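The values are calculated or read from the model by the stated rules, or taken from the named source; none is laboratory data. Quick caveat: nothing in here was measured; it's all calculated off a predicted structure. Counting neighbours? That spans all protein chains shown, and the Cβs are built from the backbone with ideal geometry, glycine included. Side chains are part of the model used for accessible areas, which takes the heavy atoms of the whole protein and leaves out ligands, DNA and RNA. Shrake-Rupley method; radii C 1.70, N 1.55, O 1.52, S 1.80 Å.
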Amino acid sequence: MAIDKLFKDEATEEKGERARMASFIGAMAIADLVKTTLGPKGMDKILQSTGRGHSVTVTNDGATILKSLHIDNPAAKVLVDISKVQDEEVGDGTTSVVVLAGELLREAEKLVNAKIHPMTIIAGFRMASECARNVLEQKVVDNKQDAEKFRSDLMNIARTTLSSKILSQDKEHFAKLAVDAVMRLKGSTNLEAIQIIKKPGGSLKDSFLDEGFILDKKIGVGQPKRIENAKILVANTAMDTDKVKIYGARVRVDSMAKVADLEAAEKEKMREKVQKIISHGINCFVNRQLIYNFPEELFADAGILAIEHADFDGIERLGLVTGGEIASTFDNPESVKLGHCKLIEEIMIGEDKLIHFSGVAMGQACTIVLRGASPHVLDEAERSLHDALCVLSQTVNDSRVLLGGGWPEMVMAKAVDELAKKTPGKRSHAIEAFTRALLAIPTTIADNAGLDSAELIAQLRAEHHKDESNAGIDVISGSVGDMSELGISESFKVKQAVLLSATEAAEMILRVDEIITCAPRRREGM
């Protein structure tokens with residue numbers, strides 16, 4: 001029996017060179033795909049699903065693009081995962097992390113072809129990333145103590161983050177919105193308290209920040225339109241049983257009068273339930289499910305505002321923000337935690353009426369209302385704003401700030417290059433390769449803006465050869481500019497995450513020397 005029949009039919013394996021080629025090519029293809037979205041002049045992608053409705057997403061958020069792709073190449077999947085993690089952890093830098101990992105692999109491929117062993121390359125990369133991280137740590141600016149400066153740092157970071165997104169036209173306006181919203185959080189990174197409501201109509205400039213909480217619902221007929229010092233019971237319970245539903249119900253009766261009796265009994269049950277709810281001493285009742293006309297009428301008579309069908313996220317967040325808990329049984333009022341707010345009123349945004357809760361128990365809660373031309377614009381605006389909010393809330397915690405615009409990469413490249421000159425042996429080749437990969441980020445930023453990247457990077461290197469240079473790429477004027485004067489800043493935490501994740505991902509793919517693809521499972525009876 002021949003030994004080559006190790007795997008089932010249709011299972012394949014690729015060894016050594018071929019496996020490595022497959023993983024390098026996959027990873028580089030993914031990096032090239034999102035490369036064009038990097039930087040202030042990055043392009044957007046249209047993602048069209050083949051499912052029902054052919055929904056269209058227009059975005060330049062690296063993680064969103066990669067999440068939507070169906071990829072077969074295992075190495076490419078590793079890069080998709082690092083961009084997802086980057087998105088969840090720090091919110092921004094999703095494209096940078098993939099581009100850097102792709103460039104590291106592109107360099108590694110050349111080294112492997114030059115017969116340098118992957119383990120040697122990995123050792124070099126590790127030394128280089130350690131060195132790069134240390135030099136960044138020395139260069140950070142921390143203005144936590146000085147409130148004025150810290151706020152301007154935050155504004156700069158918000159502007160920089162937004163400048164590569166759809167909101168770049170109104171970045172002043174949105175940077176201010178984002179900074180105000182995050183400052184209200186007082187250091188917590190719980191973005192749940194910031195609610196984003198999207199309302200088509202108006203232009204992006206009409207977006208605004210409102211303190212408190214806005215629920216996307218109308219107030220019912222005959223209900224009080226305004227309640228002060230509200231005590232709110234947030235519930236998830238069925239309030240739709242005051243009629244006998246004929247469908248599927250089997251009730252044997254000998255006359256219609258009996259049906260009327262049954263309905264009366266149902267109504268009575270409902271009335272008792274409403275009484276129990278009213279006995280909590282509330283003046284606002286928010287339910288996740290339907291409320292039928294009869295109980296609604298009872299609530300209106302008691303002067304209680306009843307809101308039905310509060311959407312799922314809405315009600316969870318409403319509980320959190322008003323300090324109440326979601327109740328589903330009402331037998332013992334003393335154990336239910338009610339929510340509180342100073343004022344509930346109806347407001348108009350565009351064509352729609354919404355319910356506004358102000359003066360809520362959780363003081364840091366606020367709502368950002370986005371306006372825009374179409375749902376696509378609004379979705380992209382929400383993604384951009386979300387990135388900015390994530391980065392800002394991380395920066396409030398870890399207030400170390402760096403300059404942006406390719407400056408951190410140049411600083412790291414310079415330090416790593418010096419390390420390469422000091423390191424004996426083959427590892428120095430890998431460390432040099434790391435320098436070249438770092439330079440790929442400013443190069444891409446320049447390329448995307450249609451500038452001469454080779455010329456610019458050469459100028460930048462010359463600038464950075466002097467001590468303490470603030471030079472970076474100014475894409476607006478298309479030349480080398482002073483990043484501190486231009487106010488282009490980035491969060492240290494984001495940069496560090498990009499550096500470490502990209503190096504680890506590249507290392508993981510480099511270690512691969514065999515790819516085994518399992519045979520697909522056959523359906524029974526085929």
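In table form, for the structure just shown:
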read-out: Any hit, region 17-28, residues being surrounded by 11 or more Cβ atoms within 10 Å (Cβ to Cβ), touching a residue at least 12 places away in the same chain (Cβ under 8 Å) and either on the phi > 0 side of the Ramachandran plot or not in a helix (DSSP H, G or I) (or both); value: no
read-out: Residue that is most open to solvent (accessible area, probe 1.4 Å) [pool: residues in region 325-377 that are of a type in the set (K, R) and assigned to a strand (DSSP E or B)]; value: K342
read-out: Residue match in region 259-279 (condition: over 30 Å from G372 (Cβ atoms), in contact with a strand residue (DSSP E or B) (Cβ under 7 Å, 6 or more places away or on another chain), at pLDDT 80 or above and not small (G, A, S)); value: yes
read-out: Conditions (1) farther than 30 Å from V396 by Cα; (2) at pLDDT 80 or above; number of the one not met by G222; value: (2)
read-out: Residues located in region 298-328, provided they are without any contact (Cβ under 8 Å) to a residue 12 or more places away in the chain and out of contact with any strand residue (DSSP E or B) (no Cβ under 9 Å at 6 or more places or on another chain); value: D301
read-out: Search result, residues across region 387-411 that are surrounded by fewer than 24 Cβ atoms within 10 Å (Cβ to Cβ) and in a loop (DSSP other than H, G, I, E, B); value: D398, S399
read-out: Enumerated helices (runs of 4 or more DSSP H) restricted to region 439-526, each holding at least 1 residues that are of a type outside the set (D, E) and under 19 Å from R106 (Cα atoms); value: 453-465, 492-510
read-out: Spans of strands (runs of 3 or more DSSP E) in region 154-238 with at least 1 residues surrounded by fewer than 21 Cβ atoms within 10 Å (Cβ to Cβ) and of a type in the set (F, W, Y); value: 208-211
read-out: Tally of residues being more than 27 Å from the chain's Cα centre (by Cα), open to solvent by less than 70 Å² (accessible area, probe 1.4 Å) and under 30 Å from G124 (Cα atoms) across region 473-513; value: 2
read-out: Some residue of region 165-174 being modelled with pLDDT under 85, more than 25 Å from S96 (Cα to Cα) and in contact with a helix residue (DSSP H, G or I) (Cβ under 7 Å, 6 or more places away or on another chain); value: no
read-out: Condition met for S96 (of a type in the set (S, T, Y), open to solvent by 10 Å² or more (accessible area, probe 1.4 Å) and touching a Leu at 6+ places or on another chain (Cβ under 8 Å)); value: yes
read-out: Which listed residue, of D81, D72, is more than 27 Å from G405 (Cβ to Cβ), charged (D, E, K, R), modelled with pLDDT under 85 and not in a strand (DSSP E or B); value: D72
read-out: Among the candidates V286, V259, residue that is open to solvent by 30 Å² or more (accessible area, probe 1.4 Å) and aliphatic (A, V, I, L, M); value: V259
